[in-house]
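Reading through the structure tokens given below for one structure.
The values are calculated or read from the model by the stated rules, or taken from the named source; none is laboratory data. Being a predicted model, the structure only gives us computed values, none of them experimental. All Cβ positions, glycine included, derive from the backbone under ideal geometry; neighbour counts span all protein chains shown. Side chains are part of the model used for accessible areas, which takes the heavy atoms of the whole protein and leaves out ligands, DNA and RNA. Shrake-Rupley method; radii C 1.70, N 1.55, O 1.52, S 1.80 Å.
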There are 2 protein chains.
Amino acid sequence: MADADLQTNDGRMRAVIERITPSVDNGRFAAKRIVGDAVVVEADCFTDGHDSLACVLLWRREGEAAWHETPMAPLGNDRWSASFVAQSVGRYQYTVTAWVDHFLSWRHDFARRVDGEDLRIAALVGAGLIEEAAQRAGGEDRTRLTSWAARLRAVLDPQLLKTLGLDEEFAAVAKRYPDRRFATTYPVEHPLVVDRARARFSSWYEMFPRSAAAEPGRHGSLRDCEARLPGIAKMGFDVLYLPPIHPIGRINRKGANNALAAGPADPGSPWAIGAAEGGHKALHPELGTMDDFRRLVASAKTHGMEIALDIAFQCAPDHPYVKAHPQWFRWRPDGTVQYAENPPKKYQDIYPFEFESDDWRGLWQELADVFRFWAGEGVRIFRVDNPHTKPFPFWEWALAELKREYPEALFLAEAFTRPRVMHRLAKLGFTQSYTYFTWRNAKHELIEYFTELTQGPGREYFRPNIWPNTPDILTEYLQFGGRPAFVVRLVLAATLGANYGIYGPAYELLEAEPRDPGSEEYLNSEKYQIRQWDLGAPHSLSDLIARVNSARRDNPALQSDASLRFLPVDNDSLLCYAKSDAEQENLVVTVVNLDPHHVQSGWVELDLAALGIDAHMPYQMHDLLSGARFLWSGPRNFVQLDPQRAPAHVFALRRKVRTERNFDYFL
Amino acid sequence: MADADLQTNDGRMRAVIERITPSVDNGRFAAKRIVGDAVVVEADCFTDGHDSLACVLLWRREGEAAWHETPMAPLGNDRWSASFVAQSVGRYQYTVTAWVDHFLSWRHDFARRVDGEDLRIAALVGAGLIEEAAQRAGGEDRTRLTSWAARLRAVLDPQLLKTLGLDEEFAAVAKRYPDRRFATTYPVEHPLVVDRARARFSSWYEMFPRSAAAEPGRHGSLRDCEARLPGIAKMGFDVLYLPPIHPIGRINRKGANNALAAGPADPGSPWAIGAAEGGHKALHPELGTMDDFRRLVASAKTHGMEIALDIAFQCAPDHPYVKAHPQWFRWRPDGTVQYAENPPKKYQDIYPFEFESDDWRGLWQELADVFRFWAGEGVRIFRVDNPHTKPFPFWEWALAELKREYPEALFLAEAFTRPRVMHRLAKLGFTQSYTYFTWRNAKHELIEYFTELTQGPGREYFRPNIWPNTPDILTEYLQFGGRPAFVVRLVLAATLGANYGIYGPAYELLEAEPRDPGSEEYLNSEKYQIRQWDLGAPHSLSDLIARVNSARRDNPALQSDASLRFLPVDNDSLLCYAKSDAEQENLVVTVVNLDPHHVQSGWVELDLAALGIDAHMPYQMHDLLSGARFLWSGPRNFVQLDPQRAPAHVFALRRKVRTERNFDYFL
């Protein structure tokens, strides 16, 4: 693609290729797909003048020497398209090649020629091209092409000549041996990461193992977690995510509600990692043994679930790294290690790593080894704490290494920060990303944000994972909205996002007390103390959650985000949107009353033509939450939602309703 | 930008740079500006964590060894900006470098520290950073920084320490010696082409020299063109563009109205280039001598005009190239040269060049020499005929070579073809491009197309040149719309496009007869015959054209396209738009009645705040066509346009109207 040069390039490379999609920063980063996806690649391809072009998609698994080739078809306006199926997890590459095809041009013109003499001369030209193709062919094909050329030279009758020249079978042979000497190949080999299906569709449940004990007052363990698995599986989750499970530092340990000084019984924050018992590769002794951990991983599997671990790269002051690798920390002139701070705030219980250390290579290797250690114990999903406070080059290197060793590994970036930073992390290789959903409550905010997420440039690499709460975030909407607010935010998260999660049991038990007015921190947060949860409480949302997750599992429409489209409703408190599967067979329409306080009603507008619905026939809306079925007809239908009873419909839309026409005597 | 690698890269390069603008295909092609422009460059720059970033724009003229550096300022949301002035015609390059700046981070945190002990330790850390800066500095600066560091180490009083640490003057010195060891530089050096002002603002008049004779029946000459210069200058044009002026082929010459056989008196088409008298470097004998040509070029200059030549790379069968360079043509099996064709249509008077010739290098050199020949005769503007039927690599090479030799040269691409092809030619180096304006008549079409042209990605490289007619195109709007149609299309072209042109005298004399019904060809087209024009005819638009061009010359707002914004009018036949200069001092609002048959009226809506108009004061609309002045006030004002009298207003908007407040006794 450098400037054409009389010496080094061939000026006869006349085909031009531009604007390949998908393309993340012109191929600097990988687009993302899942196994089984048809990867559609498009490009603008054209040449000067009126000659015919041939375009071919080149694709391969990374490491394969040769390209697979798939012919591209023109879409009009110089856009070409082809697709290949990503059949296995791992990295692929693709690019496009194109050339001016003289045989195709000849054939195109030959079909339009009328003058007899003209046809005869054109037949001789064609014979020449076909003889060249014969030279490129071998065996039988060479013989067939040679004989075709000979006949084109011999026949004189214009009508016969035309029929012979346009022979489809011969043409098919000739097309297989194009002259590609002057083919242009787009110089950027675009990378593609193919993940397993859970990268696109997952339901997360976050839980503190130390609060999992059945009896009050006891420190919960991994064995207690194991006992909780059936209940979590019954709610329909497939990822059980545990905050850090490592030994917790004792120096400068925080007390309940983030008190500066901990009492002797305070368990400390699991994110203050490392103590005499070990660091990132060790288990907190009170949680159990590595055998218990392996049992938990295996048992989760039998319940259709996976364990996800939290990887938080920071140390308590008594983390063994501090003594073993002092060069990985920043030292202050007073001989102490620089703790985390954001002046005037200080976090003296946390030492960040010094990534500008002269031994950055040693640090990188060790941090990658932390992932490797837990991957060795069977963990394939990692939620990464604050990745945006570690250098981007580290993540690019580490995630590439780890995905090479464990192609099925998934990484969720917990980066609640500025948009460019979050996008960069997703580009660098994080599989899924936290979002701003937590703070998007109004209709226009949700429409704008989810349109950007699903249709903006990030759609190729940024997979949202939608959380209505986390141990750090109890939003004001939840604090003040009561039970309806919890239902609304759950339904939104689970139907707007194919990937979503909740932090429980705080969520299903409607925990809504903030530490201070105006704060988003939970009162008596599990981050600093052990909690006892009344899982059987009658107000628990667990049944509703089970229904929502079962709707997700049964409806492919809810298992990806690309199809999301918002539908008009004439009420700013009602949000309505549709999702469908790739074949548009499964269709889910969700209507949510965003107002947790008042009954709201309005007219929902469906684009029947786009949804493939017969405008003259009724269609059925089956509410997957309540089980109720509504017959709708025409594009506008009335909806009313009472937050106290059911603030949302999740409708499976069935296009055909039985009528007398379905009886065979009607035919 | 390659994957971070433990061996070859330094993992401590923590700054990230993305999305530099302007950027054409990620720097594969040059953005375009004119001399004197402030070239604003922006980029997303950020790093991990909370450290401070320093970003610098690097720019230079191509060929300069060292970069000039301009510090970038943050715009918010991780976007940074800086600009440099393009002070001369030629090629520039720019990129961005950024680094985590520990001194800036330290200073930022120091300002927020409150604790005394904390301040003292931070002062020691700062002293260390400042001592490092001192090592990078020399002379006096080193001394100053060293003494600053020493004082930071010595002072104990927190209040004094804080004042000392935040000293502005010392900080300014330290900032000049940043630690750039781990700076990231965006790897693509973006090219920029800086043209002279006429690239952005030009008024073209196209004329057939052979029709320029004052007396009927005589073949016009370059001397006759010279005599026409005052009249064309009086209309306000600054580019006089001549169709090909070379010897015209005699073999297969076309007759009047494109008749297959020419009569002995038929002069032939000027685009059938080459005969015994010479080819692309020769003058048609009847037009005059090379001395006449040089006189014309010089004389045009005295009238503030430039001569633009038409370069059409194709040959008549009797062009000397055919015998001298048979390898530049495609030969058919019957021993004849392949003529131009689009089966079943044949153009036997035209031989295209065979760009896949083995001697493509020789052909490229010769074609570039054609430009060089005329550049040697003082021509600096070329209108290139059908560039889209010659290979793109040829244009990239040729235009780069020619701009290197003649940086002031301008090239207009006459490519009426598909959008991608037109854009590619502009990217490859054409200065200006013909557009689809000719076929955009309805309000919504004009708004959509000109919004795309002025605000789409092409705005960085595709400079539209707007023509209401050409010798090939007499649109149906002009055929059926009468005089109002000619006025409307003229005003649209001249005010929507800073570059525009007309093919005259057909235009100003309202020539509107097509060769056949439904055709866009002129009856008795000058392409095939000599015409005599009655330049003094009372219906001539020449006075109106002079007024339009004078409005363009007097109003910087009309001399560029980037500011174009369409304004709402509640009538689909009325089109209204505003343009302003870079400083928003000069403001022109145009209102056009697109309906050539009926009086139309409506309410025009102005965004007063955006235009900087006091909503409580009247403002003056001075119609530069009629001279009338209207006092408007508020955002909505009434307009009525009678196509028979004046189908358009071109208003200079004067924000301030004199009132009693202007009298000094009012103060």
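Can you order the peptides A:487-493, B:13-19 by their average number of other Cβ atoms within 10 Å per residue, highest first?
Listed from highest to lowest mean packing, they are A:487-493, B:13-19.
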Members of region B:385-412 that become less accessible by 20 Å² or more once partner protein chains are added (1.4 angstrom probe, chain alone as reference):
B:His388, B:Thr389, B:Pro391, B:Phe392, B:Pro393, B:Glu396, B:Trp397
Simple spin-label estimate for B:Lys281/B:Arg515, 7 Å along Cα→Cβ, in nm, reads 3.3 nm
Modelled label reach - A:Asp570, point 7 Å along Cα→Cβ, region A:586-630 residues with backbone N closer than 19 Å:
A:591-594, A:599-608
Quick one: if you stick a label point 7 Å off each Cα along the C-beta vector at A:Ala442 and B:Ile121, how many nm between them?
4.4 nm
Tell me what the protein assembly as shown gives for mean residue ellipticity at 222 nm when only DSSP H runs of n ≥ 4 count, each as -39,500 (n - 2.57), the sum divided by the residue total, rounded to 500 deg cm²/dmol.
-9000 deg cm²/dmol
Computed over region A:432-477, the relative contact order (Cα-Cα under 8 Å, seq sep at least six) in percent reads 56 percent
Between A:Asp358 and B:Arg153, what is the FRET efficiency for a Förster distance of 25 Å, r being their Cβ-Cβ separation, to the nearest 0.05?
0.55
Between B:Glu452 and A:Gln584, what is the label-point separation in nm under the 7 Å Cα-to-beta-carbon projection?
2.5 nm
Defining a contact as two alpha carbons under 8 Å apart and six or more residues distant in sequence, what relative contact order in percent does region A:435-506 show?
36 percent
Hey, what's chain A come to in accessible area per residue, 1.4 Å probe, Å²?
40 Å²
What does the charge dipole of chain B about its Cα centre add up to, to the nearest 20 debye, if the Cβ of each Lys and Arg holds +1 and the Cβ of each Asp and Glu holds -1?
720 debye
Comparing each residue of region B:305-332 in the complete protein assembly with the chain by itself (heavy atoms, probe 1.4 Å, ligands and nucleic acids ignored), those losing at least 50 Å² of accessible area are none
Which one, B:Ala442, B:Pro352, B:Leu611, projects farthest toward the positive side of the charge dipole computed for chain B from Cβ point charges (K/R +1, D/E -1)?
B:Leu611
For chain A, find the longest principal axis of its Cα atoms and tell me its angle to the long axis of helix A:360-376, 0 to 90°, nearest 10.
90 degrees
On a 0 to 90° scale, report how tilted helix A:139-154 is relative to the longest principal axis of chain A, with both axes built from alpha carbons and the result rounded to the nearest 10.
40 degrees
List, shortest first and in nm to one decimal, how far the label point of A:Asn9 (7 Å from Cα along Cα→Cβ) is from its counterparts in the other copies.
2.8
Dipole in debye (nearest 20) - the protein assembly as shown, about Cα centre, beta carbon charges: Lys, Arg +1; Asp, Glu -1:
40 debye
Where in region A:599-613 does the amide nitrogen come within less than 11 Å of the point 7 Å from the Cα of A:Gln644, taken along Cα to Cβ?
A:599
The farthest towards the positive end of the charge dipole of region A:154-275, of the residues A:Gly274, A:Ala256, A:Phe208, given +1 on Cβ of Lys and Arg and -1 on Cβ of Asp and Glu, is A:Ala256
Additional length obtainable on full extension of the chain from A:Leu160 to A:Val337, 0.36 nm per residue less Cα span:
54.6 nm
Once both axes come from the Cα atoms, what is the angle between helix A:222-235 and the longest principal axis of chain A, in degrees from 0 to 90, rounded to 10?
60 degrees
Rounded to the nearest 5, what % of the DSSP beta bridges within the protein assembly as shown are antiparallel ones?
70 percent
For region A:209-234, list residues with backbone N below 18 Å from a point placed 7 Å from the Cα of A:Arg553 toward its Cβ?
A:228-234
So which aspartates and glutamates can B:Lys175 reach, going by Cα to Cα under 13 Å and dropping same-chain residues fewer than 8 places off?
B:Asp101, B:Glu131, B:Glu132, B:Asp141, B:Asp167
Over 28 Å between alpha carbons, listed pairs B:Lys427/B:Lys527; A:Lys32/A:Lys281; A:Lys323/A:Lys346; B:Lys254/B:Lys301:
B:Lys427/B:Lys527; A:Lys32/A:Lys281; B:Lys254/B:Lys301
At R0 = 56 Å, how high is the FRET efficiency between B:Arg654 and A:Asp472 if r is their beta carbon distance? Nearest 0.05 is fine.
0.45
Just to be sure I understand: of the beta bridges DSSP finds with both ends in chain B, what percent are antiparallel, rounded to 5?
70 percent
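Determine the relative contact order of region B:515-667: mean sequence separation of Cα pairs under 8 Å and six or more apart, normalised by residue count, in whole percent.
With pairs under 8 Å counted, the relative contact order is 19 percent.
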Protein-protein interface of region A:337-370, residues with accessible area decrease of at least 10 Å², isolated chain reference, 1.4 Å probe
A:Glu341, A:Asn342, A:Pro343, A:Pro344, A:Lys346, A:Phe355, A:Glu356, A:Asp358, A:Trp360, A:Arg361, A:Trp364, A:Gln365
Of the accessible area of chain A, computed with a 1.4 Å probe and all protein chains kept, carbon and sulfur make up a percent value of 52 percent
Give me the accessible area buried between chains A and B, both sides summed, with a 1.4 Å probe, in Å² rounded to the nearest 100.
6300 Å²
